[in-house]
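Okay, structure first, notes after.
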Amino acid sequence: MTNAAATAMRLQEIVLGGPRGFCAGVDRAIDIVELALEVCPHPVYVRKEIVHNRHVVEALRAKGAHFVDELDEVPDEATVIFSAHGISPAVRDEAERRGLRVIDATCPLVTKVHLEAIRYAREGYSIILVGHADHDEVVGTMGEAPDRMFVIADPADVDRLAVPDPDKVAYLTQTTLSVDDTRDCIEALRRRFPKIVGPAKDDICYATQNRQAAVKTVAGEVDVLLVIGAANSSNANRLVEVSRVKGTPSYLIADKNDIQPEWLEGAARVGVTAGASTPEFLVSEVVEELRRVHTAKVREVRVVDEDVRFGLPRELEDMAKSAGKSAATRRDAPTAKSESPA
Ligand code: SF4
């Protein structure tokens, strides 16, 4: 940070949002890559960013993972890991046809949405997916029933929908949307299609909901909120939006180097939180940087405790067992989650 003198002595408190950072799906995806690097024949390929965070990807790359955009960059019969965001069946079919060893790191909560799409498609529904069309998760989910799925991102999109039978419509949602925006979309869908069906509750995952709830609380107590996350991280971008809707200026930063001193000018309290794919060491670095310049104390506001964990894919567990390794013992070693890049 430069030009620190302009804001020094003004900032009194750093308020950390909680929960923040890694969710169970991201934890699992990183565990999968790290364990695969230990027990699978090399090279090990990962299709797309395993999670949307450059620091995580670089740490895994340094351990030997090869990141590719598409399967045609993977040699026949090699090992490939699918990212936490999920894949369309066409990708899975291609991997099978090519004889690739597949390890699927799709978050179980994304898989749940895929299964709902398959069920509604089988029952003859047109399916409205509330989400962002260019996000990896939405691309993967759309692949389950491309002929009968439509993406909307906004209530205004609802009027433009043209479905074959307005009485046979279902909706699903991306897992990392804004809770409030999604509610508006679903209400608009219900107005247009009174017989629309959907999951018992929307598919926005627990981690997204908890991080947004924390931001709503923290935003009410600070003058500005810094959200640490990647520019292509859906859930991190939503945290910025949630804060701004509450009237609190908010900025998305990849790490401490992105902090602009003018954002903090005149601020007595700054909030800090992190998206679900952001490692905690980046939060620590931001707090250290702020405290290096200011004399602020640190307080955490935790709205809920999380204890969600997902198991590893069976095929990987079996390979680890054969190799005499287990996820539990491996976790004692440094991981991409705990390592700070040099
Ligand atoms: S943000 Fe939610 S859906 Fe996405 S990986 Fe994490 S737990 Fe799974």
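The values are calculated or read from the model by the stated rules, or taken from the named source; none is laboratory data. Model, not experiment: these values are computed from the prediction. Backbone-built Cβ (ideal geometry, glycine too); neighbour counts: all protein chains shown. These accessible areas exclude ligands, DNA and RNA; they are computed on the full protein's heavy atoms, side chains included. Shrake-Rupley method; radii C 1.70, N 1.55, O 1.52, S 1.80 Å.
At-a-glance table
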{"quantity": "For Val130, distant residues with modelled amide H under 5 Å away", "calculated": "Ile152, Leu172, Thr173, Gln174"}
{"quantity": "Cα gyration tensor category, rounded, prolate or oblate, for the stretch 105-164 with a/c compared to 1.5", "calculated": "oblate"}
{"quantity": "Set Lys48/Lys201; Lys216/Lys337; Lys112/Lys246; Lys297/Lys337; Lys63/Lys321; Lys63/Lys112 screened for pairs whose C-alpha atoms are more than 24 Å apart", "calculated": "Lys48/Lys201; Lys216/Lys337; Lys112/Lys246; Lys297/Lys337; Lys63/Lys112"}
{"quantity": "About the Cα centre, charge dipole magnitude for the stretch 141-203 (Lys/Arg +1, Asp/Glu -1 at Cβ), debye", "calculated": "260"}
{"quantity": "Centroid-to-centroid separation of the stretch 193-210 and the stretch 132-152 [C-alpha atoms, Å]", "calculated": "16"}
{"quantity": "Computed helical MRE - 222 nm, the chain, DSSP H runs ≥ 4 contributing -39500 (n - 2.57), nearest 500", "calculated": "-11000 deg cm²/dmol"}
{"quantity": "Two-decimal log10 I(q)/I(0) for the stretch 267-319, as the Debye equation yields it once each C-alpha is a single scatterer, q = 0.13, 0.28 Å⁻¹", "calculated": "-0.52, -1.23"}
{"quantity": "For the chain, size of Cβ-based charge dipole, Lys and Arg +1, Asp and Glu -1, in debye", "calculated": "800"}
{"quantity": "Modelled FRET efficiency - R0 22 Å, Leu115 with Arg190, Cβ distances, 0.05 increments", "calculated": "0.45"}
{"quantity": "Prolate/oblate/rounded label for the chain (Cα gyration tensor, a/c 1.5)", "calculated": "oblate"}
{"quantity": "Reachable aspartates and glutamates, given that their alpha-carbon falls under 12 Å from the alpha-carbon of Lys256 and they are not under 8 places away in the same chain", "calculated": "Glu285, Glu288, Glu289"}
{"quantity": "Nearest-0.05 FRET efficiency for Glu70 and Lys297, computed from C-beta distance (R0 56 Å)", "calculated": "0.70"}
{"quantity": "Simple spin-label estimate for Val179 and Ala162 in nanometres, 7 Å along Cα-Cβ", "calculated": "3.8"}
{"quantity": "Kyte-Doolittle mean at least -0.5, axial Cα span of 27 Å or more - DSSP H helices of the chain", "calculated": "none"}
{"quantity": "Contour excess over end-to-end distance, with Cα ends at Gln209 and Glu280 and 0.36 nm allotted per residue", "calculated": "23.7 nm"}
{"quantity": "Largest to smallest accessible area among Ser284, Ser322, Ser243, Ser88 [probe 1.4 Å]", "calculated": "Ser322, Ser284, Ser88, Ser243"}
{"quantity": "Residue with peak Gaussian network fluctuation, the chain [Cα springs, cutoff 10 Å], from Leu225, Leu161, Leu312", "calculated": "Leu161"}
{"quantity": "Area of Tyr251 that stays accessible when all protein chains are in place (1.4 Å probe, Å², to 10)", "calculated": "60"}
{"quantity": "Anisotropy class of the stretch 204-279 from Cα gyration tensor, a/c 1.5 cut", "calculated": "oblate"}
{"quantity": "Amide hydrogen neighbours beyond the local backbone of Phe67, cut-off 5 Å, H modeled", "calculated": "Val46"}
{"quantity": "List Thr295, Thr111, ordered by accessible area with a 1.4 Å probe, largest first", "calculated": "Thr295, Thr111"}
{"quantity": "Carbon + sulfur, % of accessible area of the stretch 27-173 - ligands and nucleic acids excluded, 1.4 Å", "calculated": "48"}
